[in-house]
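The values are calculated or read from the model by the stated rules, or taken from the named source; none is laboratory data. These numbers come from a predicted model, not from an experiment. Please note: Cβ atoms are built from the backbone with ideal geometry, for glycine as well, and neighbour counts cover all protein chains shown.
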Amino acid sequence: MLEIIINKSVEILFGLLLEKFGEWLLNERNLKLLNHLLKKQILLLYLHWLLLKTPQESLPKQPQQHDI
């Protein structure tokens, strides 16, 4: 009997925490932040893909600098 009460209490508490987390996650400020971060990730993935696609021979040669 005690196990059933504990399980139900944990289930209710977890449900409330999940609901609060969902409200926090979906508020306007967080959505704007997540949208901005997603755009940055897409840009970085594109630049990474572009660098992988570019052959090294086509890159300009840089003179080697010697440290003194």
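Hey, any hits in the stretch 53-68 for a residue that's more than 22 Å from the chain's Cα centre (by Cα) and either surrounded by 10 or more Cβ atoms within 10 Å (Cβ to Cβ) or on the phi > 0 side of the Ramachandran plot (or both)?
Yes; the residues of the stretch 53-68 include at least one that is more than 22 Å from the chain's Cα centre (by Cα) and either surrounded by 10 or more Cβ atoms within 10 Å (Cβ to Cβ) or on the phi > 0 side of the Ramachandran plot (or both).
Name the pairs: first residue in the stretch 1-24 and surrounded by 10 or more Cβ atoms within 10 Å (Cβ to Cβ), second residue at pLDDT below 90, Cβ to Cβ under 7 Å, at least 6 apart or on different chains?
Close Cβ pairs satisfying both conditions: 24/30.
Looking at the stretch 28-44, is at least one residue more than 12 Å from the chain's Cα centre (by Cα), surrounded by fewer than 10 Cβ atoms within 10 Å (Cβ to Cβ) and outside any helix (DSSP H, G or I)?
So far as the stretch 28-44 goes, no, none of its residues is more than 12 Å from the chain's Cα centre (by Cα), surrounded by fewer than 10 Cβ atoms within 10 Å (Cβ to Cβ) and outside any helix (DSSP H, G or I).
Report yes if residue 49 is among the aromatic types (Phe, Trp, Tyr), at pLDDT 90 or above and assigned to a helix (DSSP H, G or I), otherwise no.
When the stated conditions are applied, residue 49 passes them.
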